[in-house]
Every structure is written in C-alpha cells, then in structure tokens.
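The values are calculated or read from the model by the stated rules, or taken from the named source; none is laboratory data. All figures in this text were calculated on a predicted structure; none of them were measured in a lab. The accessibility values were calculated without ligands, DNA or RNA, using every heavy atom of the protein model including side chains. Shrake-Rupley method; radii C 1.70, N 1.55, O 1.52, S 1.80 Å.
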Amino acid sequence: MGAFEIGRRTKLNRLLINTNKSRAVVELAPKPSDDARDPLNWPTWKKELAFFSILHSFALACVLKTIFVPSNSIVAVQFNVSYTAATALTGVPFVVAAFTGLGSTALSEIIGKRMLLILSGFLMLAGAMWNMHLSKSYAWFMVSRCVQGLGWGMVDSLMHASIRDMYFVHERGIRTGIMNITSILSTWGFPILGGSLSQSQEGFKEVLMIVTIVQGASILLLILLVPETTFARPQPAPSTSPRTSIGSTVVITAGSPPTSAPLGFLSSLKPVTYRASFSKSKALLPLRALAAPTTILSFLTTIPLLAASFAITQSLSLLFATRPTFLFPARLGLLMTAPLLLSFLFTLSLTLVTVRSTKLSLSTRIPSIFGIIFGSAGLLSFGVYISGELTPRMIDIAGGSFDLDYSAETISLKIVSMLLGMTVAGGGLLLFSSATNIARQPSATTTSPGNISPIETALRVKQDLLTGMFIIAMPSWIQIGGMPTGTEIMMMGLRDTCVGVGIVQLVVGGLAAGLLFSKGIDLERLDRRVLGARAQTDEGIEIRAWDRKGSFSEA
C-alpha cells in the first residue's frame, strides 16, 4: 500500500486522502470540536484503553446471563426449590436489567456515563460476592442476582453509546464487531468452562469466585482508564489545520487539541465531570420509542428465536441431568460448543464484510431471511428430535407384558448441540441485522451529548423483558402434557413449545421483517412522528428514509 497524502479538512469536515492510485474522501461524522476534552480528539491510546475497559465489564455482564446453564439442576437441589425457581434466578435479573437499562440511558444524559459504568461494576461485584456466601436462603440468593441484573443492565445499555462517543462513524465498524464477538464468546462460551468448574467440590460457587476476582479487576480498569465519554459538543468552527502522515498511518488533528499528558489524563478521572440539566423530552424518548413502528417490528422479528435460545439453554439441566441421560455439568457445558462456534463464525463473517469490504454492498435482507429460516429449522428440529429420543419406548417383555424403556441409547449429543447451535446462531443473525438497520435509521440516534439511540434502547428493553419471562416459563411449558412415572417426567411439552415458537418466528417474524424492508419511508415518517423528531438534525443533515440495501459498513 502506498503512503497516504492527506489534504486539508474541508468546511464539511471531510478527510481528503490521496493514494498512489486514487483519491478518497472520508466524511468526519460527527463533526469534532476544537476541545481536547472531546472524546473524538483523544489520542488513540486513550480511546483504546477506555474501550477495552468498558468491553471487559460488558463481557462479564454477558457471562452472568448464562453462568448457571450447566448447573441449574444443582442450584435447584441445593436450595430445595423447583426447576422453575432455579431458572428464575436468571429470568428475573433479565427483567430487572430491562428497567435498569431504560433508567441508565436517561441518567447518562444528566451525569454522563463514567459514574454509571463504575456503579454497574460495583453492583455486579457485590452481587457475585453475596452469591458466594449464600448456600441455604433462596430468597436472598434471588436478591443478590437482581443486584447483578441492575449492574449488567447499565453496562449493556451504555456500551454501544460509549463507542459512538469516542469514534467517528468510519471507525465504529471494527469496534462494534469486536463488541459483538465478545458478547458471543462470553455468553455462549463461558458455560463450557463453567460446566467443568461446577463439578469441583465447591460446585458452582467456584465459578462465582472466579467471576468475583475478574470483576474486581474490571472495576479497577473502569476507575483508572475510563474518563467521561459524554461531551456537549458545540458546533465546530472551520479549521485549516493540516493532516499529516507517517507511512500508511493517518494522523488527524482537530483544531489543535493538545496531546493529553499523564497529569491531564488523571485530572479527567474524577467521578463526575459532566453535568447537564434534566430534560423531560430527552428522558421520555426511549419510552416513546417503545411505540415506534420500527421498534415493534424489529421486536417481532427477533424475539421468538432470541428468547427461545436463552430459555432452552437455561432448561438443558431439566432435559439432560436426569434419567435417561444423567449428564453432569461438564457434559452439559459441552452442549454449548456448536452454539458458540456457529454464532462466532456467522458474526465474524459479517464483521469482516463490514470492516474490510469497501465495494461489496450487502443487504441486511440476506442475513435476516437466512437467520429466520436457519434458526427456525434448528428450533423445530430440536423440539422434535429431543422429545422423540427422551420419550420412553414401549417394549415387549417375557410373558406378553410390556414395560417402558428409558435408555435413550440412540440419542446423539452432537446432533443436540448442532440443533441448539442453529437456533442460537439464527437468533444472533437476526439481532445483528436488526441492530444494523436501526443504526442506519437517521432518527434512531439523537444529537444529544449522550449519543443515546432511543429505538435501540426501547428494543433492548422489550427483548430483555420477554426473554426473562421465557426463561422463567420454559420449564413449565416443557412439563405440560408430561405424565409422572415414579420420579421421572416425560417432557413431551418440549416438542409443542419448540414447534409453536418456530411457527411464530416463521410467520410473525417473517411478516414483520417483510414490512421492515418494504415500508421504509412510511415507517421512518411514523417513527419521526412518535419520537417528535424534527425534519433536520442539529448538524443540518436532512433525515432521509432508511436505506435497507446499503452496505453494512455504513452502520
């Protein structure tokens, strides 16, 4: 690659780049100010340290969502509660996180994100430490899990907004991709490790101890390396400062912000460095976005597979920890291998297309349609296959009498893992496509200092609420229609549940996705009416219809 020759910044804040073969223009959006405190003007090392630190806390939040997947049956036995009560230890925090995320986005517009991120770390740490010292009281264990839900709801809602605070639009693709991949590795990869650790003498408490230690390190990173990213950016004045280059590395100077010295960096680490007056209109935007057509249709498109993925994985112990399979936590954790690999490969592929492809235009329709078909096929097949293999078979014994065979000798755990992986990966594709579509929508992100997306926030609230409800209800749905045989339960309700949710995904989710792609202009007009958006943003950029055939890299 030839060296870059950087031209001057134009009045439109464009970066002119000349290579040996061509001349390119990179739009600087959003427009940076001339203030060194502006996160867009931070040196690269400062941005990357802050990004890594927030990402570390975000990964731990994802871990807490599936930490009990291999050990829910052990939890039920230890606290002497039903399996539904055991899964509620994850479902209820999901519901709590939904409301916490809604509140933290409003608070971030007033006091910024730094204090909220640190508070989220302390809440998750306090919940984990509390978990470790509770072995008999289910009620207090539930309270401690809800405290963790308060924490992970905050960091979940602020992670993406922090990326928008620190990076220009053309720099966000790789960071968003890293965030998505981290989410997959933490959510679906940790149960593999957690299952192995849960078979120790300490059981799942050893897992909690490890999470507590790592969470302590995460808080230190947030305190020491994450300055306030929320910044009230004034309209920048035209600048004639040059762009220089060293080899192929582009050096951009905005105005002439001074390089951050160590003392200047330390002075930016005060608990609260940003304050703004309360704005009722801004605070109500996420609530109003709950009724936005794009929010509703995106919710209907993604929720069946997304909620089913979490609910089924939380019920794996109910299906396989008892007769006839008797899987221990380590084997249950290994069932997450295919969900991890398939989700990782799909997301990595889309991320590479997003970051590396400058000419290939990839429509979000392709991953959306594929995700619906692929995920629904996995969910339907999972329900039919598992219920068929775990249902006792009638066998003829001597004397003309019959008995039930519980051996399940023909079941293949590799097939179980693959079908579960198809379900999880399909839901992940829909989530990726939905987030990309919302990011492209001009009215989705406000021009406020907090860079909060009301539609993104509202969609996450709905998804977390229903996912939590699915997790709590799934064990009861599985056992509906089952008949007790001694201490065993024939879990035939699994088939009906998976078939029902799969059909809903195909029919309702497919119709919702079709409306998203075919009624873009009408939906954008209705969204603006619901949100009360103006015809133009504060930066003078006209709000246009959602381009659903554009490149992923634009998001």
Exercise. What ranking of 140, 477 comes out by heavy-atom accessible area, probe 1.4 Å, highest first?
Worked result: 140, 477
Exercise. For region 132-237, what mean projected area does the convex hull of the alpha carbons give, in nm²?
Worked result: 9.2 nm²
Exercise. Which cross-chain or sequence-distant (5 or more) residues have an amide H under 5 Å from the amide H of residue 322, H modelled 1.01 Å from N in plane?
Worked result: 327
Seminar exercise, completed: Expressed in square angstrom to the nearest 10, the accessible area of residue 114 with a 1.4 Å probe stands at 10 Å²
Exercise. Going by accessible area, probe 1.4 Å, with all protein chains left in place, what is the ranking of 56, 170, largest first?
Worked result: 170, 56
Seminar exercise, completed: Compactness check, region 296-335: C-alpha Rg relative to the 2.2 N^0.38 Å globular estimate gives 1.55
Exercise. What list of ³J(HN,Hα) values in whole Hz, one per residue of region 512-527 in order, does the Karplus curve 6.51 cos²θ - 1.76 cosθ + 1.60 (θ = phi - 60°) give from phi, with Gly and Pro shown as x?
Worked result: 4, 5, x, 5, 4, 7, 9, 10, x, 5, 5, 5, 5, 5, 5, 4
Exercise. If 77, 211 are ordered by their accessible area, calculated over protein heavy atoms with a 1.4 Å probe, which sequence runs from highest to lowest?
Worked result: 77, 211
Problem set entry | Hull shadow area, averaged, region 74-195 [alpha-carbon convex hull, nm²] | 8.4 nm²
Exercise. At a 1.4 Å probe, what is the % contribution of carbon and sulfur to the accessible area of region 42-152?
Worked result: 78 percent
Problem set entry | Nonlocal amide H pairs with residue 113, under 5 Å, H built at 1.01 Å | 229, 230
Problem set entry | Rg and Dmax of region 171-229, Cα atoms only, in Å | 15.1, 47
Exercise. Quick one: accessible area per residue over region 100-231, 1.4 Å probe, rounded to a whole number of Å²?
Worked result: 33 Å²
For this session: Roll a 1.4 Å probe over the protein heavy atoms and report the accessible area of residue 497 in Å², nearest 10.
Result: 20 Å²
Exercise. For residue 192, what accessible area in Å² do you get when you roll a 1.4 Å probe over the heavy atoms of the protein chains, rounding to the nearest 10?
Worked result: 40 Å²
